[in-house]
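Notes follow the structure.
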Amino acid sequence: MARNSIDGIKRIKYVFWGLFGLIIYVIIVLFYTQFVNGEEYQKRALSQWTSDISMAAKRGVIYDSEDVVLAQDGTVYMISVRPPIIKVGERERIARVLSELLDVDEEWVLKKLGNKNIEEAIIKRQVESSVVDEIGKMQLGSGVVASVDTKRYYPNGNMLSQIIGFTTIDGEGQSGLEKTYNKYLSGENGRVINEKDAKGQTIAYGVQEYIPPIDGCNIKLTVNSVAQSFLEKALAEAVEINNADNAQGIIMNPKTGEIIAIATKPDYDPNNPPRTDSELLNKLSRNKVISDAYEPGSTFKILTLSAALDSGAVTTSTTFECPGYKIVNGQRIKCWRSGGHSHQSLAQAVANSCNPAFMTMALSMGTEKFYDYLYSFGIGSVTGVDMTGESAGIVTHEKYIKDTDLARIGFGQSVAVTPIQLVTAVSAAINGGELLKPYIVKSVIDSDGNIIKQNEKTVVRRVIKEETSAIVREILENVVENGGGKNAKIPGFRVGGKTGTAQKYDNGKVSSGKLIASFIGFAPADDPEFVCLILVDEPKVGTIFGSTVAAPFVKDVLEEVLVYYGFKPTEDTQTVAVPDVEGLTVNEALSKLAEVGLEGIYQEEDEVVAQLPKAGTQVEAGTQILLYTAKTDIVVEDDDEEETVTVPNLSGMTRLQALDALQSRGLVMELDEGSIKGRVNGQSVEAGKKVKVGTVVRITLNNIVE
């Protein structure tokens, strides 16, 4: 009995400790279940008896200045499947139907349908309603769901494509303003939570929670879509008729900094961007007007002129001599006109775009003063425009600048700017002297109509005096009336402007035959409301000048914009209609043009295949009409070609006389060792020999004191 009692007590102890251990285990499991994994189990439980459907927020609308819709969301649908409630026998049929109607891989869909661990799987987004209707007709059951989705639409297609940009399939801004202003445009998604039964069906009278989406803000631009269409049409024509790589343009209000139009051609359709070709997409979506720096050439002379006048380095009565070159520190730098411009006034020098005159202006100011003005004009720094990807251009630090560099900068070489940088600087030169911050977004408005962000005219600094700006406007108007800008004349309107033909570089060297032709114009000239810059990149026709390649297109754009905005002609001007000369020989075309008082410019005699301006355009008598033939090809004079000069006879000259004689021809003098005084009795290069500019000529002196 005693042994039985002892065994019984032992069994009780074993049972007790076994129950105690079980209780501890249960407590530990409950602890982990409730506190460690509680949130996860709660999510699983909720997913079993509730459905949580996301409600996409409506992305904000982008409008132009006149409330024309440029970008907006449209209603489409998202097709999803719910594997837990789809019968095994239905999977193959559903996969086949969805793959056919949605253009997706059948095996991929079948794999999704067989995954019981997922509550819901998205098969395709942004499905049009017509496709959803076809899916509905196939009666695929409650396991295939169509829910509301959104898709970004751009009603005007290619218009402003590089500026507006595009979104991802999830509605996130990927480029352009869509990306820059994504936090304003995107909004916040909402949710709908419903109770469901064991079969996954929504309970008709179950608990429902609705969290409404908050729609994104709308954005209103300064751009006018009509003016934008004028600019884009001109750029497309400039590319086509000049067989150019691309053309860029911008129209700005010089009084406010508002961007009225901006574009680069060729471009793309943001409704269907070439996503599969990243290189092509990057090229077409690049906003070159703010991101790409180029050597401006003669359009930069507007800034040199403004600085020289404002600093007092020149006045309206200053005159210049141009023999076709200027010697700077022994280096001969050419004018674009090989024969030179001889004696000329300041206004004539600007109208002639005389390089030596602008070299003289820059050198007269000196590096420090000229650079102060350039920096004040914003050269070498970003404008701060409200678009991403802006470049600051390229300006060599002044401590590295030699006189030869300064001279070249004076006429637009050895410096690089972006188009928007140049337009902003020129606006300061003609608007009374104030540098403004350019902008393209006028306001951001929330879904309740409240303005949460407003952009207005912002004065960065005063650059030149008002009276200086008035003189600059007058001189630039003369450029269009009597100088190289004649092809930008608009009958009845006062127009000012400046041409530019700039070299392009490959690996730091001048690229033969590759130029950028440009023209910047403004109107009305006495009180500018619009400034327009057009660049034609690598035109491959004709003898290339900004006056022939770019100015006619600026003229067309400004004329259309002036008329659209209600400006009336201020002067009575005799105009004639340009006759149709396409299909005629050059001689026949010239005769027909002469009959109505017009001139023709051509390169090779052949049949005329295109003309600019087009037939029917009203122009002033004496206007030059560009005639393009099948033989028209690029002919470019390389401004940096190595010239040869004749070595003078230095015999009998003093050292200073020999130095002057050599420097005047762009040659460099060196003294032979031991030559201290007296007259020249020997030279290393014989007189009369043709040598390259910059050649060193060593002289010896007889060391005889006279």
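The values are calculated or read from the model by the stated rules, or taken from the named source; none is laboratory data. Bear in mind that the values here come from a model prediction, so they are computed numbers and not experimental data. Here Cβ is always computed from backbone atoms with ideal geometry, including for glycine, and neighbour counts include all displayed protein chains.
Which of the residues belonging to the range 499-523 are of a type in the set (Ser, Thr, Tyr) and at pLDDT 60 or above?
THR499, THR501, SER518
Kindly indicate whether LEU406 is touching a Ser or Thr at 6+ places or on another chain (Cβ under 7 Å), more than 21 Å from THR383 (Cβ to Cβ) and not small (Gly, Ala, Ser).
yes
Anything in the range 322-348 that is surrounded by 18 or more Cβ atoms within 10 Å (Cβ to Cβ), under 21 Å from SER414 (Cα atoms) and among the small types (Gly, Ala, Ser)? List them, or say none.
If the condition is that a residue be surrounded by 18 or more Cβ atoms within 10 Å (Cβ to Cβ), under 21 Å from SER414 (Cα atoms) and among the small types (Gly, Ala, Ser), then GLY330 is the only one that fits.
Give me the residue from the range 644-666 that is among the small types (Gly, Ala, Ser) and surrounded by fewer than 18 Cβ atoms within 10 Å (Cβ to Cβ) and, out of that set, farthest from LYS334 (Cα to Cα). Full working, then the answer.
Step one: list which residues in the range 644-666 are among the small types (Gly, Ala, Ser), which gives 651-652, 658, 661, 664, 666.
Next, only the ones that are surrounded by fewer than 18 Cβ atoms within 10 Å (Cβ to Cβ) stay: 651-652, 664.
Details: SER651: 28, GLY652: 30, SER664: 13 Å.
Applying the filter and picking the extreme gives GLY652.
How many residues does the range 235-275 contain that are under 12 Å from PRO419 (Cβ atoms), within 12 Å of the chain's Cα centre (by Cα) and either outside any strand (DSSP E or B) or hydrophobic (A, V, I, L, M, F, W, C) (or both)?
4
Being among the basic types (Lys, Arg), outside the structural domain of LYS514 (by TED's automatic domain parsing), over 30 Å from VAL581 (Cβ atoms) and modelled with pLDDT of 80 or more is the requirement here; does ARG665 meet it?
Judged against the criteria, ARG665 is not a match.
Within the range 423-464, work out how many residues are assigned to a strand (DSSP E or B) and either within 30 Å of ASP215 (Cα to Cα) or among the aromatic types (Phe, Trp, Tyr) (or both).
10
Listed here are the residues, each with its yes/no results for (1) without any contact (Cβ under 8 Å) to a residue 40 or more places away in the chain; (2) in the same structural domain as GLU477 (by TED's automatic domain parsing); (3) closer than 18 Å to LEU303 by Cβ.
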position	(1), (2), (3)
VAL350	no, yes, yes
ALA357	yes, yes, yes
ASP372	yes, yes, yes
VAL382	yes, yes, yes
GLY389	no, yes, no
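Look through the range 224-256, keep the residues that are more than 10 Å from VAL557 (Cα to Cα) and free of Cβ contacts under 8 Å to residues at least 60 places away in the same chain, and return whichever of them is surrounded by the most Cβ atoms within 10 Å (Cβ to Cβ).
So, considering only residues that are more than 10 Å from VAL557 (Cα to Cα) and free of Cβ contacts under 8 Å to residues at least 60 places away in the same chain, the one surrounded by the most Cβ atoms within 10 Å (Cβ to Cβ) is ALA236.
Quick check on this structure: which one of LYS112, LYS58, LYS116 is of a type in the set (D, E, K, R), under 30 Å from VAL226 (Cα atoms) and touching a residue at least 12 places away in the same chain (Cβ under 8 Å)?
LYS58
Of the residues VAL472, VAL480, only one is surrounded by 14 or more Cβ atoms within 10 Å (Cβ to Cβ), in contact with a Leu (Cβ under 8 Å, 6 or more places away or on another chain), assigned by TED's automatic domain parsing to the domain that holds SER414 and not in a loop (DSSP other than H, G, I, E, B); which?
Testing whether each residue is surrounded by 14 or more Cβ atoms within 10 Å (Cβ to Cβ), in contact with a Leu (Cβ under 8 Å, 6 or more places away or on another chain), assigned by TED's automatic domain parsing to the domain that holds SER414 and not in a loop (DSSP other than H, G, I, E, B) leaves just VAL472.
Name, by its number, the condition in (1) modelled with pLDDT of 80 or more; (2) in contact with a strand residue (DSSP E or B) (Cβ under 7 Å, 6 or more places away or on another chain) that does not hold for ALA630.
ALA630 satisfies all of (1) modelled with pLDDT of 80 or more; (2) in contact with a strand residue (DSSP E or B) (Cβ under 7 Å, 6 or more places away or on another chain) except (1).
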